[in-house]
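Contents: one structure, followed by commentary.
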2 protein chains.
Amino acid sequence: MDRRSLIKTTGLAGVLAAGAAPAIVGAQPAVRWRCSSGFPNSLDTIFGTAVTTAKRIADATDGRFQITVAPAGEIVPMPQAADAVSNGTVECSHTAPFYYVGQDPTWAFGTTVPFGMNFRQFNAWWFQGGGEAQFNQFLAPRNMRYMPCGNTGVQMGGWFRREINTMEDMNGLRFRIAGLGGRVLAAMGAVPQQIAGGDIMPALERGTLDGVEWVGPHDDERLGFNRVARFYYYPAFWEPGASVGFIVNNRAWAALPASYREIFLAAAHEGNNGMMTMYDHLNPIALRRLLAGGTQLRPFQRPILDAAFTAAQRIYSEISGQNPEFKRLHDHYFAAMRPMVNWMRLTEATYDSFIASKLRG
Amino acid sequence: MDRRSLIKTTGLAGVLAAGAAPAIVGAQPAVRWRCSSGFPNSLDTIFGTAVTTAKRIADATDGRFQITVAPAGEIVPMPQAADAVSNGTVECSHTAPFYYVGQDPTWAFGTTVPFGMNFRQFNAWWFQGGGEAQFNQFLAPRNMRYMPCGNTGVQMGGWFRREINTMEDMNGLRFRIAGLGGRVLAAMGAVPQQIAGGDIMPALERGTLDGVEWVGPHDDERLGFNRVARFYYYPAFWEPGASVGFIVNNRAWAALPASYREIFLAAAHEGNNGMMTMYDHLNPIALRRLLAGGTQLRPFQRPILDAAFTAAQRIYSEISGQNPEFKRLHDHYFAAMRPMVNWMRLTEATYDSFIASKLRG
C-alpha cells in the first residue's frame, strides 16, 4: 500500500483506519552509503559477503538504508581506501585492515598477525575481551571505526613453483604476501611483495613473482594460481584467522538513526560468521578438485615454523620499542590469546584430533 | 518526541513539519512475542544470549518488535516447550533441540550428536551445506522451524566423583547427560539420566547421581558442580559443538512483517556466534579458578573413546533402520562432515598444534 498517496486522498483518519495495526512512526530517513571493497568482484566469498550484508541491511530497513558496494579500485585506488573513509569520500570500506600496515603496523591487529589468534580466538578477543575498544582507540584519531564482517580461518601457506624444504629455499624468493607476514619472510631471506588480489596473476604470468599466498583452495582456484605453481603449502602461519570487515567513517556512523546502527551491527556480525561458513563449506570441495588436477600438498617443516616464530617475536619487540600504539595492541592481544590457546588444546584439539583419526580419507 | 500526541495537537501538517526528514512509512506494527527459554536465568551465557538477541531485535525496530524471554519452566514445563511452540501457546522457545530426542531421535541433529560436527562444521553445514533445509523439513509437520542462536563448542566431559580409567568404571554409573549421548553411555554400561539444568544440583546433593555433564568451566562453576565432584574429564565426545537456538512457530513467523524477519535472522546469527565468543572468553578464566580450587583435569582414555565411537555407529545404524527421517538427517550430516574434517586437519589443526607447543603454560 502506498501510504503517502493514501494520506493525500483520505487524510490521516483514513490512514489510521486502514489495515491491521497501522502506525505512524518516528523518522526513518532514506540513507545511501557507498562502500569501497578491498577485493575484486570475482571473489564470491569476500566481495560477496559485503554484498549480502548490504542486502540484509536494505531488506531489514524496507529498502531505506542502501549501501552500494564497489569492487576494489572502482571508486578509489585500493591503497587510498582507508584515507577515503577517513576524509568522508566514502562512508565505509569493506577490506582487510592489515592492508594499511605501510601507514602503521598497528593496523595489523584488525586483521591478523603472524602466530596470532585463530577465528574463534579473534572473535572472543574482539567481542568479549576488549579487542574492539583497543583497536578502535587506535582508529579514533583517523575518524574511523572497524567492524569485523568476515574471516578466512587459518589460511593456506600459498603456491610455490619449487619445494621449500630448508631455510635456504626461502632465500631471494619473490613472494606475494600481505600484512606483517612480509616482514617475517623478509627476515628469513625472502623478498615479500604486497600486491592486491586482482593484480597477482598478471605478476605471476610476467614472471616477476616466484610464489603467492592468497587465502585458500576456493579463492586461490578462482584466481587461477594452481595454473602457474604446483606446490601448495600449509599452514599460513602469518594469517591464522584473517578478519575482514567494515572500516566506517565516525561522522557517517553517528549520523545514522539508532535503529540503523543496530541493524548494521547485527548484519555485520552475521556476515562475520557467514563468510567463515562459506570457506568451511567451499574449501574442502575446491581442494579435492585441485588435488585431482595435480596440485601437490606440502606442510611447512618444523624448522621453518620455528625460525619464523623466532623472527616474528624479534620483529614484535623491535616495532613495540618504536611504536607505543603497536605495543599497546600487541600486549593486549597476546595476553588475551594465551589462556584461550591453553583452553582449546583440551577440548577442541583433543576432540578434533580423535575425529580426524576416525574419519580420515 | 511522542509523534502520536503531536498529531493530536497539531494535525498531520505539524507532524510533517517537525524535525529533520520526518517520514510516514509503511505499516510497522507493534509485535509482542513470548519466548520460553530451555535454561535457568542463572546462566548468563545461554539464557543471556536469548535476552541480548531479543534486545537487539527490539532496538533494531525502535522497540516495535518485543520478545519477552522467560526462564525454563516459567511459562510451560521445559519438556513441553516444543509442543507449546507447535500449538502456538508461545511464539518461540530458545532451547536445545536435542532435549526432545525422547519424542524422536531426529531432533538431535538440530543440536549435536555423538562424534558429530564441531562449531564451525555445524555452521557450515547449516548455513551453506543444506542442513537448515534438511532439519526444517523434519520440523515442518510440527508447524515449526529452527534458527541457531548460540553454541557451546566442544564441551567438557563432565564431573565424576571417582576416576574413570577403564570401561569397568562406567558400569552402573548414574550420570546426567542430554541428547543421544545417553544412549551411547548406556551401551557402555552407564545409567544415563536426562535432567534439566536447574534440577541437577539437587539430584547431586540427594546422592541420586554419580556424575554430571553440563557445558564447560564457566557454566559448570555457576551451577556448582565442582563442589560435589573432583575429577573433570574432557572432551564430551557426545557434544562436540552443541547448537542452541530459536524454535519458532511457522504461523507466527509468516505473520511477521518482512523486515522483522530479516532483523530476526541477522540478530539470531549474531547471537549464534556471540554465545561462542562468551564461552571462548569465559571458559579459560573459569578453568583457572577451578584448578586453583582443587579440580583435577582428566582426559578420557583412548580405549573409552574407541568403544564409545563403535557404540555410536551401532546406535546410528539401529535407529536409521527404524526411522527414515533420522536416516535422512544422519546421512546428510555425516556426508557433509567428512570432507570438512579432512580439510581442517590440514590448516587449522596444524596451526593450532604448533601454537599450543609455543604458548603452553
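Computed values, structure above
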| item | result |
| --- | --- |
| Efficiency of FRET from Cβ geometry, residue B:171 and residue B:288, R₀ 41 Å, rounded to 0.05 | 0.75 |
| Cβ crowding within 10 Å averaged over residues, with B:31-38, B:187-194 ranked highest first | B:31-38, B:187-194 |
| Buried accessible area, chains A and B (both chains, 1.4 Å probe, Å² to nearest 100) | 8100 Å² |
| Per residue, in Å², the accessible surface of the protein assembly as shown once ligands and nucleic acids are set aside, probe 1.4 Å | 35 Å² |
| Total charge dipole magnitude, the protein assembly as shown, about the Cα centre, Cβ charges on Lys, Arg, Asp, Glu only, Debye to nearest 20 | 460 debye |
| HN-Hα J in Hz across segment B:155-171 - Karplus 6.51, -1.76, 1.60, θ = phi - 60°, x for Gly and Pro | 8, 6, x, x, 9, 10, 7, 9, 5, 10, 9, 9, 4, 4, 5, 7, 4 |
| Fully extended contour minus Cα-Cα distance, from residue A:186 to residue A:30, at 0.36 nm per residue | 51.3 nm |
| Chain-alone versus full-assembly comparison, segment A:328-347, residues with accessible loss of at least 40 Å² (1.4 Å probe) | A:338, A:339, A:341, A:342, A:343, A:345, A:346, A:347 |
| Projected-area average for segment B:194-293 over all orientations - Cα convex hull basis, square nanometres | 8.3 nm² |
| Peptide A:147-155 - average C-beta neighbours from other chains (10 Å radius) | 2 |
| Alpha-carbon centroid distance for the pair segment A:245-324 / segment B:119-159, whole angstrom | 25 Å |
| Per DSSP, loop GluC sites (Glu not before Pro) in segment A:155-222 with at most 14 further Cβ within 10 Å | A:163 |
| Max mean-square fluctuation residue, GNM over chain A, Cα-Cα springs under 10 Å, options A:148, A:40, A:324 | A:324 |
| Hits among aspartates and glutamates - C-alpha to C-alpha of residue B:358 under 14 Å, sequence gap 8 or more where chains match | A:306 |
| Helix-derived mean residue ellipticity, 222 nm - over the protein assembly as shown, DSSP H n ≥ 4, -39500 (n - 2.57), to 500 | -15000 deg cm²/dmol |
| Sites matching trypsin sites (Lys or Arg not before Pro) across segment B:153-237 that sit in DSSP coil, with at most 16 neighbouring C-beta atoms within 10 Å | B:161, B:162, B:230 |
| Rotationally averaged projected area of the protein assembly as shown (alpha carbon convex hull; nm²) | 32.5 nm² |
| Most mobile of B:165, B:123, B:249 in a GNM of chain B (Cα contacts under 10 Å) | B:165 |
| Rounded percent of accessible protein surface that carbon and sulfur make up, chain A, 1.4 Å probe | 52 percent |
| Set of aspartates and glutamates with alpha-carbon distance to residue B:55 below 14 Å, sequence-local pairs under 8 removed | A:262, B:270 |
| Axial C-alpha extent at least 18 Å, average Kyte-Doolittle at least -0.5 - helices from chain A (DSSP) | A:46-60, A:258-292, A:302-322 |
| Whole-number Å³ per residue for the convex hull built on Cα positions in chain A | 170 Å³ |
| Highest-MSF residue in chain B out of B:308, B:133, B:96 [GNM, Cα springs under 10 Å] | B:133 |
| Inter-label distance, nm, simple model (7 Å from Cα along the C-beta direction), residue A:87/residue A:298 | 4.5 nm |
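The values are calculated or read from the model by the stated rules, or taken from the named source; none is laboratory data. On a predicted model such as this, the values are computed, not experimentally measured, just so you know. Neighbour counts are summed over all protein chains in view; Cβ atoms, including those assigned to glycine, are modelled from backbone coordinates with ideal geometry. In case anyone asks, the SASA skips ligands and DNA or RNA and just uses the protein heavy atoms, side chains included. Shrake-Rupley method; radii C 1.70, N 1.55, O 1.52, S 1.80 Å.
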